[in-house]
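The values are calculated or read from the model by the stated rules, or taken from the named source; none is laboratory data. Predicted model only: the values in this text are computed from it and were never measured. Glycine also receives a Cβ, built like all others from the backbone with ideal geometry; neighbour counts cover every protein chain displayed.
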Amino acid sequence: MDEFSALSPESLRSLREELLKEYTRFQERGLKLDLTRGKPSAEQLDYSDELLSLPGSGDYRAADGTDCRNYGGLLGLTELREIFAPLLQVPVEQLLAADNSSLSLMHDTVMHAMLFPLPGGERRWVDVERPAFICPVPGYDRHFSICQKFDIEMIPVEPTADGGLDIDEIERLAASDPRIKGMWFVPKYSNPTGVSVTDRQAERLAAMPTAAADFRIFWDDAYSVHHLTDDQITIAPIVRLCEQAGNADRVFVFGSTSKVTFAGAGVSFLGTSPANLSWYQGHIAKRTIGPDKVNHLRHVRFLQDADGVRKLMERHRENLAPKFAKVRQILDEELGGTGVAQWTEAYGGYFISLDVLDGTAAEVIRLAKEAGIALTPAGSTYPYGNEPRDRNIRLAPSFPPVSDLDTAMRGVTICVKLAAVDWLLAG
Ligand SMILES: Cc1ncc(COP(=O)(O)O)c(C=O)c1O
């Protein structure tokens with residue numbers, strides 16, 4: 001297909017006529033398709049159905065004899081922590097296993113830091129004038145909602161030209177101002193760009209000088225085992241790197257089995273330095289007597305060990321890879337060579353990040369909605385829902401069946417082209 005920007009106004013107008021016809025035909029089908037949230041499909045959830053019959057009647061004791069039906073054990077079941085310690089690259093004694101959501105661990109960590117000084121910090125964040133977080137963009141909207149809730153200013157950091165992390169800018173910001181208290185970061189197969197941190201970047205994050213003594217990286221390793229190809233990426237062990245750099249307390253690592261076993265009914269993890277861990281434990285001890293150890297035990301029996309997790313993730317990959325391939329195929333076929341869109345190649349995780357022509361993302365999303373395709377709201381991958389260039393759209397291919405994805409993506413590409421042609425004609 002020709003580059004749209006090279007087309008004459010007459011060619012653009014006749015292309016518009018064609019696209020409008022395609023769009024109307026699509027709209028008339030009265031479809032209802034959804035590419036919004038990165039949820040596992042029902043078939044993926046089926047892989048873990050055995051959990052529903054575990055641990056089994058009369059079989060409720062942990063390896064050390066703990067009766068999992070009873071209170072206690074704030075750190076979670078040791079054998080569960082042993083399974084995930086190598087996967088999250090955190091020493092087992094520094095890894096806490098919790099309940100069903102890593103997002104709630106992130107929320108609570110921010111909340112506790114607002115209300116109680118962190119190790120190394122002199123003041124509560126709530127007493128700091130305009131506390132701020134560094135937010136690499138595009139990023140995960142729910143991270144941004146946490147900052148918004150606590151009135152933490154978000155400072156977006158755009159990727160470098162090759163799509164990678166702008167580590168120079170992050171270093172500059174972190175060193176520039178003591179009110180900058182933290183940073184959100186999805187280090188592997190990131191939401192939504194799929195990018196992973198390089199070893200050198202991880203070393204620099206661990207070692208960079210920060211103006212705030214209580215600066216923390218919220219290292220959200222949500223996709224640590226979620227590979228989509230044979231190029232299985234291993235990232236650097238950030239807890240160890242921080243320790244080696246003399247900044248042991250710099251990082252909180254988060255993870256969960258939401259996209260391993262059951263979404264919202266799995267187990268979650270927080271890994272960090274001994275000082276941070278005892279700070280965190282001290283605070284949660286007031287809100288809970290301990291996590292759901294029955295669910296911990298169930299997960300231990302089902303997953304068995306780190307290899308058990310890897311095998312299960314192979315099944316997820318078999319299910320997901322064709323869906324990602326389908327989305328890519330349609331983007332290639334329909335938008336390749338048009339010059340009005342570019343998209344990421346996902347090696348893992350749950351998303352493809354689609355950049356359309358500047359100034360047209362909101363219009364693409366509106367057109368898609370009117371044709372029965374729900375896309376993630378415009379701007380949601382940016383702090384405050386405000387994307388200055390109005391070009392990023394997060395695609396989540398996991399939930400719909402491949403046939404629906406095919407239809408939905410054909411529809412999306414019509415919308416991308418139509419919005420681009422309109423923008424160029426208005427130009
Ligand atoms: C980057 C990231 N972190 C966290 C979550 C949510 O994790 P959980 O279900 O453990 O709360 C998601 C879900 O999409 C995510 O993409």
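Can we say Thr257 is more than 10 Å from the ligand (Cβ to nearest atom), at pLDDT 95 or above and hydroxyl-bearing (Ser, Thr, Tyr)?
Criteria not met by Thr257.
Mind listing whichever residues of segment 218-254 are β-branched (Val, Ile, Thr), more than 14 Å from the ligand (Cβ to nearest atom) and touching a Phe, Trp or Tyr at 6+ places or on another chain (Cβ under 7 Å)?
Thr229, Ile233, Ile238, Val251
How about segment 351-364: which of its residues are buried (at least 24 other Cβ atoms within 10 Å of the Cβ) and part of a helix (DSSP H, G or I)?
Ala361, Val364
Any chance you could count how many residues in segment 221-277 are among the charged types (D, E, K, R) and under 17 Å from the mean Cα position of the chain (by Cα)?
2
Sort out which residues of segment 209-252 are touching an Asp or Glu at 6+ places or on another chain (Cβ under 6 Å) and closer than 22 Å to Gly139 by Cα, and write them in order of number.
Ala236
For (1) within 16 Å of the ligand (Cβ to nearest atom); (2) of a type in the set (Val, Ile, Thr); (3) under 22 Å from the mean Cα position of the chain (by Cα); (4) over 16 Å from Arg216 (Cα atoms), each residue gets a yes or a no:
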| position | (1), (2), (3), (4) |
| --- | --- |
| Leu74 | no, no, no, yes |
| Leu95 | yes, no, yes, yes |
| Pro117 | no, no, no, no |
| Pro136 | yes, no, yes, no |
| Asp177 | no, no, no, no |
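Restricting to helices (runs of 4 or more DSSP H) lying wholly in segment 1-117: which have 2 or more residues that are closer than 29 Å to Thr234 by Cβ?
Counting at least 2 such residues, we get 42-46, 78-88, 102-115.
Look at Ser57 and say whether it is surrounded by fewer than 13 Cβ atoms within 10 Å (Cβ to Cβ), over 19 Å from Ala426 (Cα atoms) and among the polar types (S, T, N, Q).
Criteria met by Ser57.
Considering only segment 386-427, state which residues are without any contact (Cβ under 8 Å) to a residue 60 or more places away in the chain and under 30 Å from His143 (Cα atoms).
Answer for segment 386-427, where residues must be without any contact (Cβ under 8 Å) to a residue 60 or more places away in the chain and under 30 Å from His143 (Cα atoms): Asn386, Pro388, Arg389, Asp390, Arg391, Ile393.
So in segment 140-158, with the set limited to residues that are within 19 Å of Gly255 (Cα to Cα) and of a type outside the set (A, V, I, L, M, F, W, C), which one is farthest from the ligand (Cβ to nearest atom)?
Looking at the filtered set, the residue picked out is Ser145.
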